[in-house]
Amino acid sequence: MARAAARPLWLAIPSRYAGRPRRNARWLLGLLALLLLASLAVQGSDTAPPPMAESSIQGTEILLQGVVEDIRHGADYYTATAQTLRAMGAPVNSLLVFRLPTLGVLQAAISPIAAALLLYGLALATLLVWWRRLQGVFSSSRARVVAVLLAAIGMMSAILGHLLAMHDLWAGLLIALSLASRLPGRWITAAALGLSAALIRETAVLYLLVMMILALLEGQRREAIGWLAVLSLFATVLAFHAQAVAQAVGPAAEASTGWDGAAGFGFAVQSVVATTALSLAPAVIAALAAVLAIAGWSAWRDPLATRALAVIVVQLLVMTFFGTPDRVHWSFLIAPIVPIGLVFVPDALRDLARSALDRRRITVTRTAA
C-alpha cells in the first residue's frame, strides 16, 4: 500500500519517490546501495583515475594546445594535428583522435586571454541560465543557491581556466546550457547549443540523440524533427571532416585502440569525480557523492530531470564499456550537470526511507449482512 506523501524538504512539490509502496522503496534503496558499492570497485586498482587522471587530462591539454600554437604559426588544422600526434607517439588512423577543427581554429584566431574570457563568459552564462531555470523548483531560495553552487562545482575546470584547449570541457558547458534552455515548445535555442557542442566535440552527438529520442517518446514530433535536422547537419559536417582526416594521415597510419576499453562503472564514476571539484574530497566520499548526485536527478518530477539523467546515464555507459585511463576527459561532457543532482537527494532519501519503513497493515473486518 502506498503511503501518503510527506511535505517536501527542499523541493516545492513532492519528489518522484514520495508515497512509493514499501516493497518498491526497498528495492530502490537496495539498487542505490549496489551502485554505491560498485562506484568503489576501482579504488586501489590499476585503472583508478587518481592520480593518473590529472596526468591524462594534462597530456591531452598539452597536445591540443600544441595544435593551436601550430595553427597560429601558419599550419592548417589537420596537418598540425597529425604532426602533433605523431610527435607524441599517438596513433593517427582513427577519427576519434581528430577533434573537429571548430575550437582549435577559433582559439588560434584569438589571443589566449580572449579565449579564457570566452570560456569564463560561457561558464557564467550557464550558471545564470540554470539559476533562472530552477526558479520555483524549490521551496526556498536557499536550496536554489545550493543547486547553482553545485553546478559551479561541476564547472571547476572552466572556472580555473587552465584547460582552455580541452574540447570536452567547452562541449560540456554547451550541453549544460542547452539543457537549461530547453522548455516544452521552446527547443530551437537548445538544439542550436547542442549542435555547437557536437561541432566542438563530436562525441556530444550522443546528447543530440538522447534529446531526439526523448522528444519522440513525449510526443513532441516537431521538436524531434528539429533534433533530427540537427543530427543530419552534424553528420554532413562529420563526413567532410572524415575526408580531411584521411587526406592528412595518408595510407600508412599507426594502429589505434579505437573504442576498446571497458574500464568499468567504478572508473566512470571516478572520472566524473576527477573532472569536478569533488576531486578535492577524499576519494571514497567523492565517489559516493557522485553516485548520490546521479541518483538524485531521478527524484525531480520534471522533463528536464529526465533529460539530464538520460544524458548522464548514456555517457556513464560509454565510459563504463569503452573508457580507458587516457579517456578520463570524456566525463567533462557531463561534469557541469552531475553535481546538481545532490540538491534533490535529501527529499529522495527521506521519501524512500519513509516508505521503506512503513509498517502499516491493512485490516479487513467482516460484518454481518
Inset, instruction - Extending each Cα 7 Å along its Cβ direction at His162 and Ser55, get the distance between those two points in nm, one decimal. - result: 1.6
Inset, instruction - Output the Cα-based Rg and Dmax of the stretch 88-130 in Å, rounding Rg to one decimal and Dmax to a whole number. - result: 14.7, 42
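Which net charge results when you count Lys and Arg as +1 and Asp and Glu as -1 among the other residues whose beta-carbon is under 15 Å from that of Val205? Write out the running numbers ahead of the final one.
Values: positive: Arg99, Arg201; negative: Asp168, Glu202.
Within the 15 Å Cβ shell, the charges total 0.
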Legend entry - Most mobile listed residue (Leu127, Leu183, Leu288) in the chain, GNM with C-alpha springs under 10 Å: Leu183
Legend entry - Which of Ile113, Tyr77, Ala18, positive extreme of dipole for the chain (C-beta unit charges): Ala18
Inset, instruction - Using only the alpha-carbon atoms of the stretch 135-285, report the extent along each of the three principal axes, biggest first, to the nearest angstrom. - result: 61, 44, 29
Inset, instruction - State the volume of the convex hull built on the alpha-carbon positions of the stretch 12-153, expressed per residue in Å³ and rounded to an integer. - result: 187
Legend entry - Degrees, to the nearest 10: 283-296 long Cα axis against longest axis of the chain: 70
Legend entry - For Leu11, residues with placed amide H under 5 Å, excluding near neighbours: Ser139
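Working out 0.36 nm times the residue gap between Val105 and Leu37, then minus their Cα-Cα distance, what length gain in nm do you get to one decimal?
Working: separation 68, 0.36 × 68 = 24.48 nm, distance 4.34 nm.
The Val105-Leu37 span can extend by a further 20.1 nm.
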Inset, instruction - Round to the nearest 10 and give me the degree value, 0 to 90, for the angle of helix 49-72's Cα axis relative to the longest principal axis of the chain. - result: 40
Legend entry - Largest-first principal axis extents, alpha carbons of the stretch 61-141, Å: 56, 28, 17
Inset, instruction - Compute the acute angle (0 to 90°) between the alpha-carbon long axis of helix 265-274 and the principal axis of greatest extent of the alpha-carbon atoms of the chain; round to the nearest 10°. - result: 70
Legend entry - Separation of the Ile62 and Ala246 label points, Cα + 7 Å toward Cβ, nm: 3.4
Inset, instruction - Enter the per residue convex hull volume of the stretch 266-308, computed from alpha-carbon coordinates, in Å³ rounded to the nearest integer. - result: 72
Legend entry - ³J(HN,Hα), Karplus 6.51/-1.76/1.60, whole Hz, each residue of the stretch 166-183, x for Gly, Pro: 6, 4, 4, 5, 5, 5, x, 5, 5, 5, 4, 5, 4, 4, 5, 7, 7, 9
Legend entry - Distant-in-sequence amide H partners of Ile337 (H built 1.01 Å from N, under 5 Å): none
Legend entry - Derived scalar couplings ³J(HN,Hα) [the stretch 203-213; Karplus, 6.51 cos²θ - 1.76 cosθ + 1.60; whole Hz; x for Gly, Pro]: 5, 5, 4, 4, 4, 4, 5, 4, 5, 5, 5
Inset, instruction - Springs between alpha-carbon atoms under 10 Å, Gaussian network over the chain: tell me which of Leu357, Leu40, Leu278 tops the mean-square fluctuations. - result: Leu357
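About its Cα centre, how strong a charge dipole does the chain have in debye, to the nearest 20, once Lys and Arg get +1 and Asp and Glu get -1 at the Cβ? Could you put the intermediate results ahead of the total?
Numbers: 28 positive and 17 negative charges, 516 e Å.
Roughly 2480 debye, rounded to the nearest 20.
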Inset, instruction - With no solvent and one equal point scatterer placed on each C-alpha of the stretch 148-216, evaluate the Debye formula and give log10 I(q)/I(0) for q = 0.16 Å⁻¹, two decimals. - result: -0.56
Inset, instruction - Could you calculate the contour length gain from Val146 to Glu69, that is, 0.36 nm times the residue separation minus the distance between their Cα atoms, to one decimal place in nm? - result: 23.8 nm
Inset, instruction - Please grab the % of Cα pairs in the stretch 200-338 that end up more than 25 Å from each other. - result: 39
Inset, instruction - Could you tell me the convex hull volume per residue, in Å³, taken over the Cα atoms of the chain? - result: 159
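Compute the length gained on full extension between Arg7 and Ser232: take 0.36 nm times their separation in residues and subtract their Cα-Cα distance, giving the result in nm to one decimal. Don't jump to the answer; show the numbers that get you there.
Details: separation 225, 0.36 × 225 = 81.00 nm, distance 4.61 nm.
Going from the current span to full extension adds 76.4 nm.
A short reminder: the numbers here are calculations on the coordinates, not readings from a lab. None of the values given here were measured: they were computed from a predicted structure. Note that we place each Cβ from the backbone using ideal geometry, even for glycine, and neighbour counts take in every protein chain shown.
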